[in-house]
Amino acid sequence: MDEITRDENDIAEEVLKTLLSAMGVEASVVCRPSPPADGGEEAEPPVIFDISGGDLGILIGWRGQTLASLQYITRLIVTHRTKRWVPIVIDIEGYKQRRYDSLRVLALRIAEQVKAKGVQFTLEPMPAYERRIVHLALANHPDITTQSIGEGVTRKVVILPRKEW
């Protein structure tokens, strides 16, 4: 894939700042370099924007739903303006990293309980990107497996003992 151009980056930043302004939110937007892609991935690294300011909880919303919507709308507008899909990630004062860390810790803790008791555990419903974090956290666990069940907003992860065949 082509690398993200400086123009696309500037367009994305302008769109995000315009949306925040239209929402009446005073915040600073900083573009930061994305971490290098893992060796096997050919996916284009995302453009990452960090938003900071006072009391931005309104932008995060319940379980990050407002943040996910802001990111989605920004991607749509940028795609429309550039005529190309640009991978954009928006984070607010480290929320996504904190959520990622807490989901990994939760997954590992529940996995140990499932291993000890031999009984499956179903997590609460969560969006796809959060389910993916749990699945990846336990992907190489020798005694545990995971699966997603349900549909739509009620989709959740089940952590279960790995069956010996």
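Any read-out appearing in this document is the output of simple, stated calculations on the displayed coordinates, not a laboratory observation. None of the values given here were measured: they were computed from a predicted structure. As a convention, Cβ positions derive from the backbone with ideal geometry for all residues, glycine included, and neighbour counts pool all protein chains shown.
Tally the DSSP beta bridges in region 6-93 and give the antiparallel ones as a percent, rounded to 5.
50 percent
Expected output is a single nm value to one decimal: the length gained when fully extending between residue 162 and residue 132, i.e. 0.36 nm times separation in residues minus the C-alpha distance. What is it?
Net length gain for the segment: 9.0 nm.
Out of 150, 28, 60, whose Cα points farthest toward the positive end of the dipole of the chain (charges: +1 Lys, Arg; -1 Asp, Glu; placed on Cβ)?
150
Using only Cα positions of region 6-93, each an equal point scatterer, no hydration layer, compute I(q)/I(0) via Debye at q = 0.12, 0.14, 0.16, 0.24 Å⁻¹ and quote the log10 values to two decimals.
For region 6-93, the Cα-only Debye profile gives -0.36, -0.48, -0.63, -1.27.
For region 6-93, what relative contact order do you get, as a whole percent, if you take Cα pairs closer than 8 Å and at least 6 residues apart?
32 percent
Once you have the Cα-Cα distance between residue 9 and residue 44, take 0.36 nm times their residue separation minus that, and quote the gain in nm to one decimal. Don't skip to the answer; put the middle values down first.
Working: separation 35, 0.36 × 35 = 12.60 nm, distance 1.35 nm.
Taking 0.36 nm per residue and subtracting the Cα distance, the gain is 11.3 nm.
Please state the shape class of the chain: rounded when a/c is under 1.5, otherwise prolate if a/b exceeds b/c and oblate if not, all from the C-alpha gyration tensor. Don't skip to the answer; put the middle values down first.
On the way: a/c = 2.54, a/b = 1.85, b/c = 1.37.
Because a/c hits 1.5 or more and a/b exceeds b/c, the chain counts as prolate.
Counting other beta carbons within 10 Å of each Cβ, put 74, 5, 79 in order, fewest first. Don't jump to the answer; show the numbers that get you there.
On the way: 74 23, 5 12, 79 15.
The fewest-first ordering by Cβ neighbours comes to 5, 79, 74.
Could you give the length gained on full extension between residue 65 and residue 52, defined as 0.36 nm per residue of separation minus the Cα-Cα distance, in nm?
So the chain would gain 2.9 nm between residue 65 and residue 52.
Rounded if a/c is under 1.5, else prolate if a/b beats b/c, else oblate: with a ≥ b ≥ c from the C-alpha gyration tensor eigenvalues square-rooted, which is region 97-161?
Note, shape of region 97-161 comes out oblate.
Once you charge only the Cβ atoms, +1 for Lys and Arg and -1 for Asp and Glu, what is the size of the charge dipole of region 6-93 about its Cα centre, to the nearest 20 debye?
Numbers: 8 positive and 14 negative charges, 68 e Å.
Charge dipole of region 6-93: 320 debye, to the nearest 20.
Over the chain, what relative contact order in percent results from Cα pairs under 8 Å that are six or more residues apart?
17 percent
Could you list the residues of region 57-83 with an amide nitrogen less than 20 Å from a label point located 7 Å from the Cα of residue 28 in the Cα-to-C-beta direction?
57-60
Can you give me the relative contact order of region 97-161 as a percent, contacts being Cα pairs under 8 Å and 6 or more apart?
Relative contact order of region 97-161: 39 percent.
Neighbouring Cβ atoms within 10 Å as the yardstick, rank 86, 153 fewest first. Don't jump to the answer; show the numbers that get you there.
Values: 86 19, 153 10.
Placing the least packed residue first, the sequence is 153, 86.
Tell me, which longest segment in the chain has none of the trypsin sites (Lys or Arg not before Pro) that fall in DSSP loops with at most 14 further Cβ atoms within 10 Å?
Counting only loop sites that pass the neighbour cut-off, the longest clear stretch is 1-82.
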